[in-house]
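The structure appears right after this line, and notes come after that.
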Amino acid sequence: MSGRDAGKWKVIPHNPGGDVGFHERSAERRRDDREHVPAFLSLTFLLLSVPPLFAFLGDIGELAAAIVSIAFLASIAPHLSPTARALRDFLTRPRQGLP
C-alpha cells in the first residue's frame with residue numbers, strides 16, 4: 001500500500017477462509033502480566049498476616065485491622081487481572097515434548 005492508497009483501505013472484520021490464527025496477546029503483554037505476580041503474592045500474604053496482628057489491641061486494633069485490610073485490598077486490585085491472566089496462560093500453555 002502506498003501513501004496515496006492509504007486512505008482507501010477497508011477493514012474486514014472476519015476471515016471467511018478461517019485459515020488465520022489469532023493470538024490474543026503478544027509476548028510483551030505476557031511478560032508484563034508475569035511482572036504483577038510477585039507483587040500480588042506479597043500483598044496477599046500481607047493482607048492475610050498483618051491485620052490479625054492488630055486484633056490483639058482490642059477495639060482500636062480491630063478498627064486498625066479493618067483500615068489496613070482495606071488498604072491492602074486497594075493495593076491488590078490493580079494486580080488481580082494481570083495475575084489471573086498469567087495464571088490462565090500458565091495453566092493452558094501447550095505441553096512440550098509430549099506426543
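The values are calculated or read from the model by the stated rules, or taken from the named source; none is laboratory data. All values derive from a computational prediction rather than experimental measurement. As a convention, Cβ positions derive from the backbone with ideal geometry for all residues, glycine included, and neighbour counts pool all protein chains shown. The accessibility values were calculated without ligands, DNA or RNA, using every heavy atom of the protein model including side chains. Shrake-Rupley method; radii C 1.70, N 1.55, O 1.52, S 1.80 Å.
Observations
- Scan of the stretch 26-47 for residues that are of a type in the set (A, V, I, L, M) and open to solvent by less than 100 Å² (accessible area, probe 1.4 Å), ordered by number: ALA27, VAL37, ALA39, LEU43, LEU46, LEU47
- Some residue of the stretch 80-87 being part of a helix (DSSP H, G or I), among the charged types (D, E, K, R) and at pLDDT below 90: no
- Search result, residues across the stretch 48-99 that are over 27 Å from the mean Cα position of the chain (by Cα), hydrophobic (A, V, I, L, M, F, W, C) and open to solvent by less than 100 Å² (accessible area, probe 1.4 Å): PHE54, ALA55, ALA64
- Residue tally, condition free of Cβ contacts under 8 Å to residues at least 12 places away in the same chain and closer than 28 Å to ALA86 by Cβ, over the stretch 42-65: 4
- Residue within the stretch 15-24 that is modelled with pLDDT of 85 or more and open to solvent by 80 Å² or more (accessible area, probe 1.4 Å) present: no
Let's see how each residue does on (1) at pLDDT below 85; (2) within 17 Å of PHE90 (Cβ to Cβ):
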| residue | (1), (2) |
| --- | --- |
| VAL11 | yes, no |
| GLU35 | no, yes |
| PRO38 | no, yes |
| PRO52 | no, no |
| ALA66 | no, no |
